[in-house]
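Heads up: the structure comes next, in structure tokens.
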Amino acid sequence: MTEYTVEFVGTGETIEVADTETILKPCIEEGIAQEYSCRVGMCLACSAEIVEGEVTQPAARGLTDEEAENYALTCMARPQSDLKLDRGKYPPSIEDAAAADGDAAGAAADDD
Ligand code: FES
């Protein structure tokens, strides 16, 4: 087992995560405000943008292969290196779906 450092950019929060556990697990244990819901890789509530580093997340069914290169579902993703993650960032398909539903406020809410 190898432990990696996961830094949440812009928050000052850092946790140690073993390569055998999901990133979400120590977040919950240590009181990090990482959102989640289904915990089975489907709802994308726990999404974070991968700013730096690599994860493995073969069970992240809510992401396309392309999205999985840039976003981590923290309920499924296990670190493969030290990481920098930007919490609460969602793949473009989610933003596009929100725009298609006429939810322009939802699509634009993330700009700052
Ligand atoms: S909590 Fe639903 S995809 Fe992670």
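Values quoted throughout were computed directly from the atomic coordinates according to the rules given, and no laboratory measurement underlies them. Computed from a predicted structure; not experimentally measured. Here the Cβ positions follow ideal geometry from the backbone for every residue, glycine too, while neighbour counts run over all protein chains shown.
Here are some notes:
- Here the sum of -39500 (n - 2.57) over DSSP H runs of 4 or more residues, divided by the residues of the chain, equals -6000 deg cm²/dmol at 222 nm, to the nearest 500.
- Net dipole in debye of the chain [+1 Lys, Arg Cβ; -1 Asp, Glu Cβ; about Cα centre; nearest 20]: 440 debye
- Under the criterion of Cα pairs below 8 Å and six or more residues apart, the relative contact order for the chain equals 29 percent.
- Across the options T74, T64, T20, the greatest Cα extent toward the positive end of the charge dipole of the chain (unit charges at beta carbon of Lys, Arg, Asp, Glu) belongs to T20.
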